[in-house]
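Input: a single structure, listed below in structure tokens.
The values are calculated or read from the model by the stated rules, or taken from the named source; none is laboratory data. Because the structure is predicted, anything quoted here is derived from the model rather than measured. Note that each Cβ is placed from the backbone with ideal geometry, even for glycine, and that neighbours are counted across all protein chains shown. SASA here: full protein model, heavy atoms, side chains in, ligands and nucleic acids out. Shrake-Rupley method; radii C 1.70, N 1.55, O 1.52, S 1.80 Å.
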Amino acid sequence: MDNKHTTELSGRIQRLEPSATLLMSAKVRELKAQGVDVISLSLGETDFFTPDVIKAAAKKAIDDNYSFYSPVAGYPELKKAVCHKFKRDNNLTYEPSQIVVSTGAKNSIYNVMQVLVDAGDEVLIPAPYWVSYVEIVKLAEGTPVVMPTSIKTNYKITPEQLEKAITPRTKAIIYSSPSNPTGAVYTREELKALAAVFARHPHVFIISDEIYEHINFTAEGHTSIAEFPEVYPQTIVVNGLAKAYAMTGWRIGFIGAAQWIAKACENLQGQVTSGTNSVAQIAAVTALMADPKEIVKPMVGTFAARRELVLKGLSEIPGLKTDTPYGAFYAFPDISAYKGKSFGDVKINNSDDLCLYLLSEAHVGLVAGSSFGNDNCIRLSYAASEDTLREALRRIKEALAKLK
Ligand code: GLU
């Protein structure tokens, strides 16, 4: 960037941290362009192609001339498909007027934060958290209130911790289950206990990011906190097609929320992006109406095998401590044993140093835990083939062994 003009930028942008996940993937791309054999385990993106039936629906949509502006909150047939998905997968009842389709779940979260949060409102964010939550709260001029968790509670908050964190200024909480970056999954019982606390504080909105819903390795499966009737009105469920349907680049996210919140998001979106990409929306109808057992299940099976491979590989690297992830496609090993160690003139003071070291020494791209609110860890995305993962683990092990 041209540093000369930095101070002319708005304060809002000067205070904004760039996305660490996207920065790391850009670094990896740059190195690859220079011909370096880099393995990227940085971005939360599957290596699968979008299923053929979804691609065929998009091709047909082009031929059917879906080339005009779409309704701001999404085509009626897509909103209906989203309602169908909520009923089928989550036993949640929403009317189409409660649905807003946006340009990815990230855009959905941004909209919700903009319409609910005023300057000075507190938003609770259990850590480790996804990199963009804090920045999206800051963009809404809210105050992020980070709630630390540790490996002792499997990186999950407890009802007692929640009760203590809520103040009259608390406007919302945002969390993901399954979690990016830890893979933690709240059980039905745990969500029930948290819902009991929220029900006592109806002024606290629950922004439940369920984008990894289908990538869940537990026998119990996914629960949405909105399933508890006592908190349904105060919950905004965020979901999308990127992860489960291998559609990251298509940018389709959506919310299910109280009608007045959905209407406000629609108004905001009408002034910012308008309705999202028309062709992608029609493809999304096919994706959501298909049987997830046919489209999503096979990919989840592959992730389960990769998870085993990664957990075993990480357990064979001295000094790393990894909590078992029960969902999503990330491992979040604790690397604190390597802090203070050096190789040549490189000293590891924090998780960023370690990620840069592993990028330059092992040619493996990972993301530092610091951006997820835990500097003792690093995030490894195992959305890559088993051969790639094996080679990455071999390189990481070798590079870490050089640190003394
Ligand atoms: N959510 C994914 C990740 O955490 C994609 C990149 C991003 O939007 O942050 O890697």
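Identify all residues within segment 253-269 that are in a loop (DSSP other than H, G, I, E, B) and open to solvent by less than 10 Å² (accessible area, probe 1.4 Å); write none if there are none.
Ala257
Being of a type outside the set (Lys, Arg), open to solvent by 20 Å² or more (accessible area, probe 1.4 Å) and away from the ligand (no atom under 16 Å from the Cβ), is that true of even one residue in segment 233-249?
Initially, segment 233-249 is screened for residues of a type outside the set (Lys, Arg), giving 233-242, 244-249.
Of the ones still in play, those that are also open to solvent by 20 Å² or more (accessible area, probe 1.4 Å) are 233, 248-249.
Checking the rest, the ones that are also away from the ligand (no atom under 16 Å from the Cβ) come to 233.
Looking through segment 233-249, at least one residue is of a type outside the set (Lys, Arg), open to solvent by 20 Å² or more (accessible area, probe 1.4 Å) and away from the ligand (no atom under 16 Å from the Cβ).
Being over 12 Å from Glu77 (Cα atoms) and touching a residue at least 24 places away in the same chain (Cβ under 8 Å) is the filter here, so list the residues in segment 279-296 that pass it.
Start the filter on segment 279-296 by keeping residues that are over 12 Å from Glu77 (Cα atoms), which leaves 279-280, 287, 290-296.
Passing the criteria: Val279, Ala280, Ala287, Ala290, Pro292, Ile295, Val296.
Name the one entry in Ser336, Ser342, Ser351 that is closer than 24 Å to Lys404 by Cα, touching a residue at least 24 places away in the same chain (Cβ under 8 Å) and touching a strand residue (DSSP E or B) at 6+ places or on another chain (Cβ under 7 Å).
Numbers: Ser336 fails: touching a strand residue (DSSP E or B) at 6+ places or on another chain (Cβ under 7 Å); Ser342 fails: touching a strand residue (DSSP E or B) at 6+ places or on another chain (Cβ under 7 Å).
It is Ser351.
Taking the residues in segment 36-49 that are part of a loop (DSSP other than H, G, I, E, B) and open to solvent by 20 Å² or more (accessible area, probe 1.4 Å) as candidates, determine which candidate is farthest from Ile378 (Cα to Cα). First the steps, then the outcome.
The first filter runs over segment 36-49 and keeps only residues part of a loop (DSSP other than H, G, I, E, B), leaving 36-38, 41-49.
From the residues that got through so far, the ones that are open to solvent by 20 Å² or more (accessible area, probe 1.4 Å) too are 36-37, 43, 45, 47-49.
Details: Val36: 22, Asp37: 21, Leu43: 13, Glu45: 17, Asp47: 21, Phe48: 24, Phe49: 27 Å.
Result: Phe49.
So, in segment 93-151, of the ones that are more than 15 Å from the ligand (Cβ to nearest atom) and acidic (Asp, Glu), which residue ends up least open to solvent (accessible area, probe 1.4 Å)?
Asp121
Results for (1) part of a helix (DSSP H, G or I); (2) on the phi < 0 side of the Ramachandran plot; (3) charged (D, E, K, R), shown as yes or no for each residue.
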{"site": "Lys80", "(1), (2), (3)": "yes, yes, yes"}
{"site": "Thr93", "(1), (2), (3)": "no, yes, no"}
{"site": "Val101", "(1), (2), (3)": "no, yes, no"}
{"site": "Asn111", "(1), (2), (3)": "yes, yes, no"}
{"site": "Val115", "(1), (2), (3)": "yes, yes, no"}
{"site": "Ala119", "(1), (2), (3)": "no, yes, no"}
{"site": "Ile136", "(1), (2), (3)": "yes, yes, no"}
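Are any residues in segment 175-190 in contact (Cβ under 8 Å) with a residue 12 or more places away in the chain and surrounded by fewer than 22 Cβ atoms within 10 Å (Cβ to Cβ), and if so, which ones? Walk me through how you get there before you give the answer.
Restricting attention to segment 175-190, the residues satisfying the condition of being in contact (Cβ under 8 Å) with a residue 12 or more places away in the chain are 175-188, 190.
If the condition is that a residue be in contact (Cβ under 8 Å) with a residue 12 or more places away in the chain and surrounded by fewer than 22 Cβ atoms within 10 Å (Cβ to Cβ), then Thr187, Arg188, Glu190 are the ones that fit.
Out of segment 360-401, which residues are among the charged types (D, E, K, R), within 19 Å of Val36 (Cα to Cα) and part of a loop (DSSP other than H, G, I, E, B)? Break it down into steps so the answer makes sense when it comes.
First, pick out the residues of segment 360-401 that are among the charged types (D, E, K, R): 361, 375, 379, 386-387, 390-391, 394-395, 397-398.
Keeping just the survivors that are within 19 Å of Val36 (Cα to Cα) gives 361, 387, 390-391, 394-395, 398.
Across segment 360-401, there are no qualifying residues.
Note down all Cβ pairs under 7 Å where the first residue falls in segment 225-249 and is closer than 30 Å to Lys55 by Cα, the second is aromatic (Phe, Trp, Tyr) and open to solvent by less than 10 Å² (accessible area, probe 1.4 Å), and they're at least six residues apart or on different chains.
Qualifying pairs under 7 Å: Asn239/Phe254; Gly240/Phe254; Lys243/Tyr212.
Report whether or not Ser342 is at pLDDT below 95 and more than 25 Å from Asn154 (Cα to Cα). Break it down into steps so the answer makes sense when it comes.
Values: at pLDDT below 95: no; more than 25 Å from Asn154 (Cα to Cα): yes.
Here the answer is no, as Ser342 does not meet what is asked.
Looking at (1) within 16 Å of the ligand (Cβ to nearest atom); (2) in a helix (DSSP H, G or I), which one does Glu30 not meet, given that it meets all the others?
If we test Glu30 against (1) within 16 Å of the ligand (Cβ to nearest atom); (2) in a helix (DSSP H, G or I), just (1) comes out false.
Of the residues Ala362, Ala328, which single one is surrounded by 17 or more Cβ atoms within 10 Å (Cβ to Cβ) and within 16 Å of the ligand (Cβ to nearest atom)? Quick ask: steps written out before the conclusion?
Details: Ala362 fails: within 16 Å of the ligand (Cβ to nearest atom).
From the options Ala362, Ala328, the qualifying one is Ala328.
Here are some conditions: (1) out of contact with any Phe, Trp or Tyr (no Cβ under 8 Å at 6 or more places or on another chain); (2) over 30 Å from Cys265 (Cβ atoms); (3) aliphatic (A, V, I, L, M); (4) within 16 Å of the ligand (Cβ to nearest atom). Leu41 meets all but one. Which one does it not meet?
(1)
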